[in-house]
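Working notes, beginning with the structure itself.
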Amino acid sequence: MNKYELAVVVSAKIEDDDRNATIEKVKEYIARFGGVITNVDEWGKKKLAYEIQKMSEGYYYFIQFDAEADCHAELERRIRIMENVLRYLCVRQDA
């Protein structure tokens with residue numbers, strides 16, 4: 001099992017319920033592909049470094065999880081098509 005950290009920036013223009021549903025869906029994907037979530041950090045609403053889709057703010061989430069090597073590729077494939085996710089980045093953490 002490898003340790004990963006997934007950074008997700010969610011649109012600030014959606015309601016709280018939709019934003020929470022988006023993050024829950026990401027967590028479900030992690031669990032579906034064999035990952036175990038160890039920590040979820042919600043940084044809240046932050047100003048973006050540059051505009052994305054005419055938005056200057058987004059909600060930042062950092063999800064740490066343990067998973068096999070093939071999990072992150074499938075996870076990224078699913079997150080890429082989620083319309084409320086502005087940006088994401090999944091990186092493997094070194095021990």
Tell me which residues, restricted to region 42-61, are among the aliphatic types (A, V, I, L, M) and either open to solvent by less than 80 Å² (accessible area, probe 1.4 Å) or on the phi > 0 side of the Ramachandran plot (or both). L48, I52, M55
Any pair with Cβ under 6 angstrom, 6 or more apart, that starts in region 74-95 at a residue that is without any contact (Cβ under 8 Å) to a residue 40 or more places away in the chain and ends at one that is open to solvent by less than 40 Å² (accessible area, probe 1.4 Å) and assigned to a strand (DSSP E or B): E76/C90
Condition first: under 14 Å from the mean Cα position of the chain (by Cα) and either modelled with pLDDT of 95 or more or of a type in the set (A, V, I, L, M, F, W, C) (or both). Now tell me which residues in region 43-57 satisfy that. W43
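For region 4-21, enumerate the residues that are part of a helix (DSSP H, G or I) and either open to solvent by less than 60 Å² (accessible area, probe 1.4 Å) or in contact (Cβ under 8 Å) with a residue 12 or more places away in the chain (or both).
Within region 4-21, the first condition is being part of a helix (DSSP H, G or I), and the residues that meet it are 16-21.
Residues satisfying the conditions are D18, R19, A21.
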Does E24 fit the bill of being out of contact with any His (no Cβ under 6 Å at 6 or more places or on another chain), among the acidic types (D, E) and either loosely packed, with under 12 Cβ neighbours inside 10 Å or in a loop (DSSP other than H, G, I, E, B) (or both)? yes
Kindly indicate whether Y29 is of a type in the set (F, W, Y), out of contact with any His (no Cβ under 7 Å at 6 or more places or on another chain), closer than 16 Å to E5 by Cα and in a helix (DSSP H, G or I). yes
Just give me the residues in region 32-41 being outside any strand (DSSP E or B) and open to solvent by 30 Å² or more (accessible area, probe 1.4 Å), in sequence order. R32, F33, G34
Output the qualifying pairs, or none if there are none: Cβ atoms under 8 angstrom, residues six or more apart or on different chains, first residue in region 27-40 and among the aliphatic types (A, V, I, L, M), second residue surrounded by 12 or more Cβ atoms within 10 Å (Cβ to Cβ) and assigned to a loop (DSSP other than H, G, I, E, B). V36/M1
Please go through region 62-83 and give me each residue that is under 17 Å from T38 (Cα atoms), open to solvent by 10 Å² or more (accessible area, probe 1.4 Å) and either touching a Leu at 6+ places or on another chain (Cβ under 6 Å) or outside any helix (DSSP H, G or I) (or both), ordered by number. F62, Q64, D66, E68, A69
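The values are calculated or read from the model by the stated rules, or taken from the named source; none is laboratory data. Values in this document were obtained by computation on a predicted structure and should not be read as measured data. In this analysis, Cβ positions are derived from the backbone assuming ideal geometry, glycine residues included, and neighbour counts consider all displayed protein chains. These accessible areas exclude ligands, DNA and RNA; they are computed on the full protein's heavy atoms, side chains included. Shrake-Rupley method; radii C 1.70, N 1.55, O 1.52, S 1.80 Å.
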